[in-house]
Amino acid sequence: MDKQILINAFYMASPAQAWTGLWAHPDAQGERYNDLSYWIELARAAKKGLIDGIFLADTLGVADIYEGRPDAVMRAGGMFPSNDPMMLIPAMAAVTEHLCFGVTANTTYEPPYLLARRLSTLDHLTRGRLSWNVVTGILASTARAMGVEPVPHDRRYELASDYMELVYKLWEESWDNDAAVRDKASRTFTDPGRVRQVSHGGHYRCEGYHLCEPSPQRTPFIYAAGGSGKGTAFAGQHAEAAFTAAHDKPSARRIVDSYRKAAEQAGRTPDSIKVFNAVTVIVAPTEAEALDLKRQYADYSNEAGNLAMMSSFLGIDLSRYDPDDPIEYVESNAMQTAVEAMTKHNGGKKVRVRDIAAFADLPGREPFVVGSPEQVCDSMIDWIDETGLDGFNLVRTVEPAGLQSFIDLVVPRLQDRGRYKTQYAPGTMREKMFPEGGARRPADHRGAAFRHRAG
Ligand SMILES: Cc1cc2nc3c(=O)[nH]c(=O)nc-3n(C[C@H](O)[C@H](O)[C@H](O)COP(=O)(O)O)c2cc1C
């Protein structure tokens, strides 16, 4: 059977995202990002379109490398202001039954004991529809704001591995399944004999009880987004899904293969990682209308904001270069994958600074799929079939109109082609993604090693 395509809507608790400035388009409602009704409407729309998940990015910092200050992203509303994404999830969960939620949280600045509790709470409140996008934090501005020294790229991943060991202990080892007995007759809520303190003495230290009883998934479904050597190895150990932004199909194929190989090297089956690629979709009833929308979006997208955003992703101050200067490879402390995509894996095409400023399809960013419903549907199917990808994260443009058009125009065509579900699958997020696997960690996953035998 042909693979069904998984779809997440890629958002952030901010007025606009990596395509800065689009909040100002007349049809965009991003300025309502402080309003719970905005998120509830989004969740209801996603549910009607059988969207798999709302995937929330978070960078916990401000893009201030460009010109050495944050003014450009502040003006353009690019990932700033930025609310706490976790707060949105209970409201969206309350109006949906199956929609899943991905939330980004970093291992460098979030204390593991506190994050483990917040994620368990969300896994309870969503009835097991939670995933954690594990990132290590690329912005030096976060380190300064948190009053700590920035951690070098590879070291962040080493620390993240230790962090994961600790949170697995809290999620998998601290409680037996049935420890919260809720026995009114004996007036016992939790049987203390079935809860144990975990002990961790790595870089992160903990002698403590997990504060939450086991949630439906215990460990939330795990995403990872790093694509460097270290990032891929980390995903191979820990991720059940990876999020990437390959610009062309050969790059996507290479990245998919590298994640599958990394899983295998970690002793897991190669297909135990689903791979999602970011994509900017612009669809309208006709190709001409879609191209017109693209022109409008280009008009509202903010060039200085886009350069500022990418300066922080690349770890390079792009204001220092002439618009016609090509991007050269540098050893980046930020997203090595994006620098490599622009300089090494770009099919010989020189990416210039002015290309990065534009609302454009370019190496180092996600691909564009623009056209009529039929064209978009064909293109998405080709991407999946030619690369081994499992699904897409739809990059936020002019929203919620963009997502609504996808649901109205593309979803029915994908369904007609047998490439999209016609109803949600039951169960937790892990069961929906891996129906054969069960709610808790698969036995070959690193986290399973921490499972307490009595549990
Ligand atoms: C598609 C994609 C989405 C990402 N989203 C986030 C995010 O929301 N927050 C964040 O702090 N980092 C994010 N990252 C950064 C990665 O987690 C990682 O820190 C970065 O890519 C550097 O690691 P690498 O050199 O291994 O790729 C994202 C990366 C990619 C490729």
Open item on the list: Relative contact order for region 1-131: what percent, with Cα pairs under 8 Å and sequence separation of 6 or more?
Closed with: 30 percent
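Dividing the convex hull volume of the Cα atoms of the chain by its residue count, what figure in Å³ per residue is obtained?
Details: hull volume 64.2 nm³, N = 455.
Enclosed volume per residue, from the Cα hull, is 141 Å³.
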- [ ] Return a whole-number percent for the relative contact order of region 286-370, with Cα pairs under 8 Å and 6 or more residues apart as the contact set.
- [x] 34 percent
Open item on the list: Out of all DSSP beta bridges in the chain, what portion is antiparallel? Express it as a percent rounded to 5.
Closed with: 15 percent
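Compute the Rg to Rh ratio over region 314-455 from the alpha carbon atoms, using the Kirkwood formula for Rh, and round to two decimal places.
When Rh is taken as the Kirkwood radius, the ratio is 1.08.
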Open item on the list: Could you tell me the extents of region 381-455's C-alpha atoms along the three principal axes, largest first, rounded to whole Å?
Closed with: 50, 27, 24
TODO: Calculate the radius of gyration of the Cα atoms of region 44-107 to one decimal place, then report Dmax, the largest Cα-Cα distance, as a whole number, both in Å.
DONE: 15.0, 46
- [ ] Note down the relative contact order for the chain as a percent, whole number, built from C-alpha pairs under 8 angstrom at least six residues apart.
- [x] 23 percent
Task: Student exercise, region 243-359 dipole from Lys, Arg, Asp, Glu Cβ charges, in Debye to nearest 20 - done: 520 debye
TODO: Check cross-link reach from LYS421 to the lysines: straight Cα distance under 30 Å, and skip same-chain residues fewer than eight apart.
DONE: LYS3, LYS47, LYS48, LYS249, LYS261, LYS274, LYS294, LYS432
TODO: Tell me what the chain gives for mean residue ellipticity at 222 nm when only DSSP H runs of n ≥ 4 count, each as -39,500 (n - 2.57), the sum divided by the residue total, rounded to 500 deg cm²/dmol.
DONE: -10000 deg cm²/dmol
Task: Förster radius 51 Å - calculated FRET efficiency between THR422 and VAL330, Cβ distance, rounded to 0.05 - done: 0.60
Task: Projected-area mean, region 18-67, by convex hull of Cα positions, square nanometres - done: 5.0 nm²
Task: Per-peptide average of other Cβ atoms within 10 Å, ordering 403-413, 168-178, 82-92 highest first - done: 168-178, 403-413, 82-92
Open item on the list: Amide H of VAL198 versus every other amide H placed in the peptide plane: which residues, excluding those fewer than 5 positions away on the same chain, fall under 5 Å?
Closed with: GLY208, TYR209, HIS210
Open item on the list: Within a 10 angstrom radius of the beta carbon, how do GLU264, GLU366, GLU386 rank from fewest other beta carbons to most?
Closed with: GLU386, GLU264, GLU366
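We did not get these values from a lab; they are worked out from the coordinates using the rules stated. Not measured: the values here are computed from a predicted model. For neighbour counting, all protein chains shown are included, and Cβ atoms are generated from backbone atoms with ideal geometry for every residue, glycine included.
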